[in-house]
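Peer 1: Encoded as structure tokens, here's the structure I'll be asking about.
The values are calculated or read from the model by the stated rules, or taken from the named source; none is laboratory data. Since the model is a prediction, treat every value here as computed from it, not as a measurement. Cβ placement follows ideal geometry from the backbone for every residue including glycine, while neighbour counts extend to all protein chains displayed.
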């Protein structure tokens, strides 16, 4: 776990891949890709079903750890069209006291009306307290951006020709890209520039990584 | 009507003993295996038998009677032409067709309407035929299956495909004859048993032909400047150019497509007169260009062709006078095969020039020459329980006619590959296809294969059937993209991961041209010609092969045999040997050498078992595992055919290593199994398994990807199986294959038995030795660690994007 400060607000980068915004009691989640496993299975590709259940386990643990008043999904909540996973999700939403907002992503092909019907607010982007929340990475002069979409990872190097690819929270001066929260999602490797900050997520720990050393 | 013998006479040929033997055995209704080298007239030995029988009948029924399976498309063209010529002259009504991945849609439709007497095809294309609904009818007149170059298929998953096809077709037509043609193998009985199955009525025919093969090493004038590592061999280009200029036609064999592109370029650069008479041939080049090159070779229009294994087999290019092999051919078999490209006429001798790309390969050259004296190629390790190939085969049947599990099960048990398949695992596979898991779960919507009322398993969903049809075949590659000029005209294919690294405007070399990337569109790479001198060369994956056991034995002998000291190769090596002995030793048969030295990169520990790449890969993992039990440590490993290296950021002590007897034979099996689980070795094997079994869908060729949201990498599957379903048979197959191929039929045990009788010599060196150099500079590496991820990360750093990029 790593606690950082941006624009006088405090954010906890959690090993689950979520970010907790303390001042607003809001949990940020990007790229959950619910129903991805079901979608593959429906098309004859046998991904183990257990891989899908990881979402609910992880979220239950987070609810016990933080006083969450609001869930803010940064897009790609559902992987594809509706399948039975939708029913599971609906049942889960009904049990929650916290409010829910979905910033739409490219995979969200389920109509907004259906999300609204079960109580989610659906928006294209969200602006709050000098922060801008969207699915896609973007540049805003006045706002700090939180986004997803990329499934960011980095390549680490060490002596003895060691190399590792790890998922990460990828922060540049005006933007933070969250790692994918969903299981079975893959990585896209980014190369940091001067001024970027990388918090690698091992699933157990979030660690800030030293840059360069050439 | 003329007989086969008369036809031979008319050609001015005298039948050889093995040809007559084949004709006779075939006439007696026998199955068989013919061992004969390429270019010996083996095609006529089998086809003569088939024709002799066909000539007895005047009016033939419409339908395929003879199937000829070849491993290579280029070879299929040759066989079709040769057999058609002979057939036309003896029985003008009979035709021979060809069906490969290159066959056009219209040609396929024609073959379906009007099947010919004979069909020359590849294992993959034959499976496509089995995926049609009426295949039992289209094969109802089938009399014989001939499998050509069986040694090339044996020990590959394509070989498993052939086993399945034969067992399946034989279940419909018990009278079906099966013949194999193979180079001479050590274990002939095994090769026969795998192909022919458990039958009694067979013969083995051996062609007693010794081809004279001369090997000449291309040596530099000055050994002092000879590189200790590298794989290109460009420094010897002037000598190669001289050979090219001296001969009418030269074939230059390279081991990878990238190497092929580079040599083509450099030759043309060095001698612009070659323009117009130099060409390139590799598997990624568009078929039209490939066929043109093959044709131009026959017409004697080309002076030099740079090629990869795509021109290895059978193809008869009589004008070729001269062959050059660049870098290690990795096996005696392949070397003989390639040498056979020149002087491709029965009894004519062949010459091949061997170009060592680094000093160590000179030792190999000597070993190869000794291997050729014995005229025997290496044995292949057959695959067992390839569930991925079986699942693909079951799907192939399920998208066509469908299959009855009860009927199919005993047929499968009759194949060599699945002889130990039991009811339990058979049920697992059926569940995998029908339910996608082993237990029925609530909410699950899995759809693939349906069970019909009569118990037949059949695919009803059209999308699933189409995806399977498009991804059939066991040769695995990354998603391939077509390269096309903006104005039209295809150049070939390149793997997606290479293009993914390019930006529009970047220049790369392909098919000998410098091309600028304009954009990527619908699985096509649109390019224009570029004048830019700077360009990238695409690399193609999967080019790495291991030394055979056979060649490793030869190599070990070569190192210590007195007589070799007088060879030009060893004389040339003298400065290298001198340097090696100054820092370390040249190990003798009773010595096992370990070297330790430190560089900027960390602590190198190098072992020299001389057992070949495959054994060293497993051994490196095993040794790393054993050392990692002493204390938390992380290794990066490299291996080649001579030895392997363990590199770490902290040293492990010599005394700890020796006192704990880490080279022991005890617990070899358990330790290797554990090291496979800890290391990532099985991950690479899983890549093929995921594609073959249909988990990873590679997209539609020539069509925009419609499989939206369905693409995922094999690595991701590996991780979810490992985490959520470790008893999955496909995941288990990856571990078992890694283990089996690491153990190599007990060879690993022998290796450790040998070591037990050897003196272990640990040398602390002040700098890297010549023997170690190719290893420590190799960037293709594996890793194994007993440190936690969290601890390792704390020691690591990020590399920033360079300014200006």
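Peer 1: Going by what's in this entry, would residue B:92 be described as surrounded by fewer than 18 Cβ atoms within 10 Å (Cβ to Cβ), over 19 Å from residue B:124 (Cα atoms) and free of Cβ contacts under 8 Å to residues at least 40 places away in the same chain?
Peer 2: When the stated conditions are applied, residue B:92 passes them.
Peer 1: Quick one: which residue in B:542, B:473 is within 30 Å of residue B:426 (Cβ to Cβ), at pLDDT below 75 and either more than 14 Å from chain A (Cβ to nearest Cβ) or crowded, with 17+ Cβ neighbours inside 10 Å (or both)?
Peer 2: Step by step, each of B:542, B:473 is checked, and only B:473 is within 30 Å of residue B:426 (Cβ to Cβ), at pLDDT below 75 and either more than 14 Å from chain A (Cβ to nearest Cβ) or crowded, with 17+ Cβ neighbours inside 10 Å (or both).
Peer 1: Right, something else. Could you please let me know if residue A:198 is out of contact with any helix residue (DSSP H, G or I) (no Cβ under 9 Å at 6 or more places or on another chain) and either part of a loop (DSSP other than H, G, I, E, B) or away from chain B (no Cβ under 14 Å) (or both)?
Peer 2: When the stated conditions are applied, residue A:198 does not pass them.
Peer 1: Among the residues of segment A:176-190, is there at least one that is in a strand (DSSP E or B), within 13 Å of chain B (Cβ to nearest Cβ) and either within 13 Å of the chain's Cα centre (by Cα) or at pLDDT below 95 (or both)?
Peer 2: Among the residues of segment A:176-190, at least one is in a strand (DSSP E or B), within 13 Å of chain B (Cβ to nearest Cβ) and either within 13 Å of the chain's Cα centre (by Cα) or at pLDDT below 95 (or both), which makes the answer yes.
Peer 1: Here's another thing I want to ask about it. Determine which member of the set A:96, A:82 is at pLDDT below 90 and more than 8 Å from chain B (Cβ to nearest Cβ).
Peer 2: Matching residue, one of A:96, A:82: A:82.
Peer 1: So in segment A:136-168, with the set limited to residues that are within 12 Å of chain B (Cβ to nearest Cβ), touching a residue at least 12 places away in the same chain (Cβ under 8 Å) and over 12 Å from the mean Cα position of the chain (by Cα), which one is farthest from residue B:775 (Cα to Cα)?
Peer 2: Of everything passing the filter in segment A:136-168, A:153 is farthest from residue B:775 (Cα to Cα).
Peer 1: How many residues does segment A:201-214 hold that are more than 7 Å from chain B (Cβ to nearest Cβ), modelled with pLDDT of 90 or more and outside any strand (DSSP E or B)?
Peer 2: 1
Peer 1: Report, by residue number, each residue of segment B:621-666 that is part of a helix (DSSP H, G or I) and within 14 Å of chain A (Cβ to nearest Cβ).
Peer 2: Scanning segment B:621-666 gives B:624, B:627, B:628.
Peer 1: List, please: which pairs have Cβ atoms under 7 Å, are six or more places apart or on different chains, and start with a residue in segment B:420-445 that is within 16 Å of residue B:457 (Cα to Cα) and end with one that is loosely packed, with under 13 Cβ neighbours inside 10 Å and at pLDDT 95 or above?
Peer 2: none
Peer 1: What residue, of B:408, B:412, B:433, B:394, is at pLDDT 90 or above, in a helix (DSSP H, G or I), facing another protein chain (nearest Cβ under 9 Å) and crowded, with 18+ Cβ neighbours inside 10 Å?
Peer 2: B:433 is the lone residue from the list that is at pLDDT 90 or above, in a helix (DSSP H, G or I), facing another protein chain (nearest Cβ under 9 Å) and crowded, with 18+ Cβ neighbours inside 10 Å.
Peer 1: Okay, next question. Any idea which residue in segment A:33-71 is surrounded by the most Cβ atoms within 10 Å (Cβ to Cβ), counting only those that are more than 14 Å from every other protein chain (Cβ to nearest Cβ) and over 15 Å from residue A:14 (Cα atoms)?
Peer 2: Ranking the candidates gives A:70 first.
Peer 1: Residues that are at the interface with chain A (Cβ under 10 Å from one of its Cβ atoms) and free of Cβ contacts under 8 Å to residues at least 24 places away in the same chain, at least 1 per element: which helices (runs of 4 or more DSSP H) completely within segment B:735-805 meet that?
Peer 2: Filter on segment B:735-805 gives B:789-794.
Peer 1: Just checking, does segment A:17-32 include any residue being within 13 Å of chain B (Cβ to nearest Cβ) and more than 23 Å from residue A:202 (Cβ to Cβ)?
Peer 2: No: segment A:17-32 contains no residue that is within 13 Å of chain B (Cβ to nearest Cβ) and more than 23 Å from residue A:202 (Cβ to Cβ).
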